[in-house]
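Report on the structure given below.
Every read-out reported here was derived from the displayed coordinates using simple, explicitly stated rules and does not represent laboratory data. Values in this document were obtained by computation on a predicted structure and should not be read as measured data. Cβ placement follows ideal geometry from the backbone for every residue including glycine, while neighbour counts extend to all protein chains displayed.
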Amino acid sequence: MHGLVNRSIQSFLRDTYGPALWHAVARSAGLGFDSFEPMLIYDDALTEAVLGAAAHHLDRPRDSVLEDLGTYLVSHPHLEPLRRLLRFGGVDFLDFLNSLDDLPGRSHMAVPDLDLPQLELIEEGGDHFTLICCGGPKGFGHVMVGILRAMADDYGALAMLDHNGCERGCERIQVHLLDHAFAQGRHFDLAAGSTGS
Amino acid sequence: MSARPENGARPLSAAAAQRLRPAAACVTDTLGLTSIALARLMPMYLWLGRDGLIRGAGPTLAKILAGPDLSGRDFFAIFQVRRPRGISGMAGLSRHAGARLQLRLRDGPRTGFRGLAVPVAGQGGMLINLSFGIAVGQGVRVHALTNADFAPTDLAVELLYLTEAKALVMEELNDLNRRLETARRDAETEALTDTLTGLVNRRGFDQELEALIRQGGPFGLMHLDLDYFKQVNDTLGHAAGDHVLGAAGQRLRGEMRSIDMIARVGGDEFVLLLPGIDRAERLSAIAERVIARLSQPIDYAGAPCRISASVGITRSSAYDAPVAARMLADADAALYASKHAGRGRWTLWHDPGKGPPRSG
């Protein structure tokens, strides 16, 4: 697994539950080190071990930990640069949803050895969509649910999201877009470092 | 629009005609476009009349030029065409129809643009499409543009995304490099340091001796062995022995200059390098001082540990061309002579051809 993914999980656990929890997880997972390097590649088994240990220490289902991870990736101030990169995807939440097919390609442009799962958005008519995530690590769909929930907030959209299980290696997420301009979204300046406008 | 000159239009130059030659017959057909469609297709277009005055502009360009009504303003008063050189009116612009243009705002932030001008059918005017080129980040910042200011076909937003993503990746890589460099230095220091005394180890000493020989300046070398150390170890245990070694290292450090190198090269063996000192009198005086200091009892858990030191000395000036292995062997031989003569003594190695040996 790419170090960026492992490092994200580490930052999520540390920023959300404190350094002590992270150290306990790292020990339980048998990492043998304190911190993932974001630019190195690690054995997939380490990621699984960390997620398993985190679920155990937090006494919560793995899926809900993953969903919180997704929300954290978009909404925590430490990861503002990532939120910005996601916001480049579209001018509003619907536009963003429609750009998700491009997400693996976009991440590839930035980090060529970062392989994200394939994403496909299917329009079910009306305001209903299904997002299909294929070929990712188990539970990636739950991370996507967290990301989409936080991005809907970010754009000021009102959306209902549901993880609909896994079928032949593909996870399905139901999206019901109730209102794409429900609230004032968070500000996004196209140019980095702009001071509002 | 058409590439053919019509009523009142300037004839295209041969080069411009070549650039604008149709790829297929239908392209020469005149295309009717509303200004709304044009604005959506090319939000940074400018339509110039044959007099060079602006007759229409795309919404993004209007925003950049801070005026919804640009009509009637002189294009050449607002923009400077930087490349190709020498375009200051419609004739020049027409001559370079279809070619890449570089332009700049004359006033304000002097934003740079890349442009393309083509003739407009029937009017003698020209249509210019502009973009920021690679300076898009600056353009977007200065003019406070948003995603909606670019056509969906424009890769400007992707360029901004990529610029930002690459900067983040570079930052991560730089951080990684810094951490690796720190780790490398720590590992190197560790590899050259004796962990018990904090003094330099054998490897570090060898490097320093070679460096001194390469530099060619005078220096002294002492090989020092603790006397009675084995007794301390045998009677009071290894912990006491380690304590004595640590204390001996500190005392040596205290007696030497900061530029001198003190290395622990064996169990109770030390070597000292003294750059710039090669006179026998000074070296023997330092040796005596060191021996006296090491002969003072070292306290360990209330018990005084009594040791002393034997020293063998040599110096760079004793050789025509100093060689590390030879100097070490000679210092060792002198040390052996000190031990043999009753310990707590120093001996200066001498070339048998150059006078009597000295010791004390």
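Numbers at a glance
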| item | result |
| --- | --- |
| Percentage relative contact order, chain A, counting C-alpha pairs under 8 Å, at least six apart | 16 percent |
| Cα-based helix-to-principal-axis angle, A:44-58 vs chain A, degrees rounded to 10 | 90 degrees |
| Spatial separation of Cα centroids for the stretch A:164-195 and the stretch A:1-41, in angstrom | 26 Å |
| Reach of B:LYS230 by Cα under 15 Å, taken over aspartates and glutamates that are not fewer than 8 positions away in the same chain | B:ASP242, B:ASP268, B:GLU269 |
| Helix-only mean residue ellipticity at 222 nm for the protein assembly as shown, each DSSP H run of n ≥ 4 adding -39500 (n - 2.57), per residue, nearest 500 | -13000 deg cm²/dmol |
| Sites matching trypsin sites (Lys or Arg not before Pro) across the stretch B:231-270 that sit in DSSP coil, with at most 14 neighbouring C-beta atoms within 10 Å | B:ARG257 |
| Highest-fluctuation residue, A:MET109, A:MET144, A:MET160 considered, GNM on chain A with Cα pairs under 10 Å | A:MET109 |
| Cα long-axis angle, helix A:62-75 against chain A (0 to 90 degrees, to the nearest 10) | 60 degrees |
| Relative contact order (%) - criterion: Cα under 8 Å, at least six apart; region: the stretch A:3-60 | 43 percent |
| Intensity falloff of chain B expressed as log10 I(q)/I(0), Debye formula with alpha-carbon point scatterers, at q = 0.15 Å⁻¹ | -1.16 |
| Centre separation in Å (Cα based) which lies between the stretch B:269-283 and the stretch B:129-167 | 68 Å |
| Lys, Arg +1 and Asp, Glu -1 on Cβ, resulting dipole of the protein assembly as shown about Cα centre, debye, nearest 20 | 2740 debye |
| Placed amide H near B:PHE132: partners under 5 Å, 5+ positions off or other chain | B:ARG114 |
| Cβ-based net charge around A:ILE41, under 13 Å, with every Lys or Arg adding one and every Asp or Glu removing one | -4 |
| Longest to shortest principal axis, alpha-carbon extents of the stretch B:35-169, angstrom | 50, 32, 26 |
| log10 of Debye I(q)/I(0), alpha-carbon scatterers only, for the stretch B:202-359 at 0.13, 0.18, 0.19 Å⁻¹ | -0.57, -1.04, -1.15 |
| Beta bridges by DSSP in the protein assembly as shown, antiparallel share as percent, to the nearest 5 | 95 percent |
| Derived scalar couplings ³J(HN,Hα) [the stretch B:232-249; Karplus, 6.51 cos²θ - 1.76 cosθ + 1.60; whole Hz; x for Gly, Pro] | 4, 4, 6, 8, 9, x, 5, 4, 5, x, 4, 4, 5, 4, x, 5, 4, x |
| Length-normalised contact order for the stretch B:202-359 - Cα pairs under 8 Å, 6+ apart - percent | 28 percent |
| Tensor-based shape of the protein assembly as shown (alpha-carbon gyration tensor, a/c under 1.5 rounded, otherwise prolate or oblate) | oblate |
| In degrees, nearest ten, helix B:324-340 long axis to first principal axis of chain B (Cα) | 30 degrees |
| Cysteines in chain A lacking a second Cys C-beta under 4.7 Å | A:CYS133, A:CYS166 |
| From phi via Karplus (6.51, -1.76, 1.60), per-residue ³J(HN,Hα) for the stretch A:176-182 in Hz, x at Gly/Pro | 10, 8, 7, 7, 7, 9, 6 |
| 3J(HN,Hα) from dihedral phi, the stretch B:258-275, Karplus parametrisation 6.51/-1.76/1.60, rounded to Hz, x for glycine, proline | 5, 7, 6, 10, 10, 10, 9, 10, x, x, 10, 10, 10, 10, 10, 10, 10, x |
| Neighbour cut-off at most 12 other Cβ (10 Å), DSSP loop, chymotrypsin sites (Phe, Trp or Tyr not before Pro), the stretch A:1-79 | A:PHE33 |
